[in-house]
Amino acid sequence: SGPWSWCDPATGYKVSTLTGCRAMVKLQCVGSQVPEAVLRDCCQQLADINNEWCRCGDLSSMLRSVYQELGVREGKEVLPGCLKEVMKLTAASVPEVCKVPIPNPSGDRAGVCYWAAYPDV
């Protein structure tokens, strides 16, 4: 129960694919310049998630799908020059970059998804 239960696909919630954020995170992680249009698309897709409690969960789902697509294992490079840990932190900071509000239940850094501190994401 609680606000996260609204974000559970088992209850009918449709997880956003965040294709713009997917492209942005990949580009940032390898040190490439992110085109303004990609940044704008990502931020708009994140802002379009009406329930702010679901934004970090959707980013986490997006990240897991990137790992799965690329066949990433623990502690490996996701892309040449991009370590998994760096990609995770990059994805977790998307709400801060986009200035899109997310809940901050832990009181930690505002705008950074709480799961960035956990090794299993």
For the range 60-83, give me each residue that is within 18 Å of residue 28 (Cα to Cα), surrounded by fewer than 16 Cβ atoms within 10 Å (Cβ to Cβ) and among the polar types (S, T, N, Q). 65
For the range 18-59, how many residues are open to solvent by less than 50 Å² (accessible area, probe 1.4 Å) and β-branched (Val, Ile, Thr)? 4
Checking residue 64 against (1) closer than 29 Å to residue 51 by Cβ; (2) touching a helix residue (DSSP H, G or I) at 6+ places or on another chain (Cβ under 8 Å); (3) in contact (Cβ under 8 Å) with a residue 40 or more places away in the chain, only one condition comes out false. Which one? (2)
Over the range 25-51, the set of residues farther than 16 Å from residue 90 by Cα and under 13 Å from the mean Cα position of the chain (by Cα) is 45, 47, 49
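Have a look at 70, 39, 46 and point out the one that is under 25 Å from residue 104 (Cβ atoms) and out of contact with any Ser or Thr (no Cβ under 9 Å at 6 or more places or on another chain). Break it down into steps so the answer makes sense when it comes.
On the way: 70 fails: under 25 Å from residue 104 (Cβ atoms); 46 fails: out of contact with any Ser or Thr (no Cβ under 9 Å at 6 or more places or on another chain).
Only one candidate passes the filter, namely 39.
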Might you check whether a residue that is in a helix (DSSP H, G or I), among the basic types (Lys, Arg) and under 20 Å from residue 116 (Cα atoms) occurs anywhere in the range 35-42? no
Scan the range 85-98 for residues that are charged (D, E, K, R), surrounded by fewer than 19 Cβ atoms within 10 Å (Cβ to Cβ) and under 19 Å from residue 57 (Cβ atoms) and jot them down. 96
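The values are calculated or read from the model by the stated rules, or taken from the named source; none is laboratory data. A quick note: this is a predicted structure, and the numbers were derived from the prediction, not measured. Don't worry about glycine lacking a Cβ; one is built from the backbone with ideal geometry, like all the others, and counts go over all protein chains shown. Surface areas here come from the heavy atoms of the whole protein model, side chains and all, with no ligands, DNA or RNA. Shrake-Rupley method; radii C 1.70, N 1.55, O 1.52, S 1.80 Å.
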